[in-house]
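The values are calculated or read from the model by the stated rules, or taken from the named source; none is laboratory data. Computed from a predicted model, the values in this text were never measured in an experiment. Heads up, the Cβs are rebuilt from the backbone with ideal geometry, glycines too, and the neighbour counts pull from every protein chain shown. What goes into the accessible areas is simple: the full protein's heavy atoms, side chains included, and nothing from ligands, DNA or RNA. Shrake-Rupley method; radii C 1.70, N 1.55, O 1.52, S 1.80 Å.
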Amino acid sequence: MRTGLILEGGGMRGLFTAGVLDVLLENCVRFDGIVGVSAGATFGCNYKSDQVGRVLRYNLRFKDDPRYMGLRSLLTTGDLVGAQFSYHTLPNQLDVFDKETFDADPTEFHIVCTDAETGEAVYHRIDKVTEEELDWIRASASMPLVSRPVPLAGRLLLDGGISDSIPLRYFQSQGFDRNVVILTQPKGFYKRKTKLMPLFHLFMRRYPAIVRAMSRRHLMYNDELLYLSEQEREGKVLVIHPTTTLPIGRTEQNEKKMRHVYAMGRQAGEAMLDNIIRFINPLTF
């Protein structure tokens, strides 16, 4: 039996995920593999590097830095989240990402991106952190409309949530048959078609496959929720989600809200801790 941890995205809603993960790290809960999508990838990599608190710390420290995230970065670089600063300067110099621990940890780490020219999901495993692999993580979180496609491995890549928001089927295909899934939407959430389709038609017309994918993303997401529920009923999946809609926008950087959402994640992690341990170690109980 191989255990997996599946982390969906959601921008700053991912601070909820970070809170759950920190509780698991503090209690030495480990998995055989992790797959992260978008913010699930950018925040989840800190689990494999064993850096409790890092996600909240650097988001608070740099929330007002125009190099990190904001309109100025979007207008000057084409990326809402500054590519060079956020994915190279910050982890290499300012709040150092522990590459050595990441590389040495046996946990598999997978991410999901979307091919901008086909609209299909691209899955990538990171075993050793290099500057190129940091760009793979950036690609997974490169939201359409506010990010440039990232050129890697002969492809142009964007946010993995466009094509596979909750990659449970993928992880099962990789041999992870007992999975914990952390969502950033509450139980009962149902995605509706985005109201931004006119903007996608206008600004993403160079990538018609992305426009098509976004027009049906709600269908993909809701189908994944249905499959997740089926697997949960069969006892193959344990789902952790917030008890209510998280009070923060995808790109919002209000310190009070950031701390609150992180605290909500910690509360959920603490409440579910015993269940998680029993779920991934059923033979010991």
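Brief remarks follow.
- Rounded percent of accessible protein surface that carbon and sulfur make up, the chain, 1.4 Å probe: 52 percent
- Here each label is just a point 7 Å from Cα along the line to Cβ, and for Tyr227 and Asn92 those points are 3.7 nm apart.
- Cross-link reach list, lysines versus Lys48, counting only Cα pairs under 22 Å and skipping chain neighbours closer than eight places: Lys99, Lys128
- Here segment 236-270 and segment 43-78 have alpha carbon centers that stand 17 Å from each other.
- Share of pairwise Cα separations in the chain, more than 33 Å, in percent: 15 percent
- Using a cutoff of 8 angstrom between alpha carbon atoms and counting only pairs six or more residues apart, the relative contact order for the chain works out to 27 percent.
- If the chain linking Thr101 and Thr243 were pulled fully straight, counting 0.36 nm for each residue of separation and taking away their Cα-Cα distance, it would gain 47.8 nm.
- Only helices enter the 222 nm calculation for the chain: every DSSP H run of n ≥ 4 contributes -39,500 (n - 2.57), and dividing by all residues gives -12500 deg cm²/dmol, rounded to 500.
- Spatially proximal lysines relative to Lys191 (Cα-Cα < 25 Å; intrachain offsets below 8 disregarded): Lys236, Lys257
- Segment 1-110 - Kirkwood radius from inverse mean 1/r over Cα pairs (Å): 14.5 Å
- Note on segment 147-232: Rg/Rh from C-alpha atoms, Kirkwood Rh, equals 1.01.
- Of all aspartates and glutamates in the structure, the ones whose alpha carbon falls short of 15 Å from that of Lys63, not counting any fewer than 8 places away in one chain, are Asp95, Glu252, Glu255.
- Between segment 22-41 and segment 155-196, the alpha-carbon center distance in angstrom: 15 Å
- Counting DSSP beta bridges with both ends in the chain, the antiparallel % (nearest 5): 40 percent
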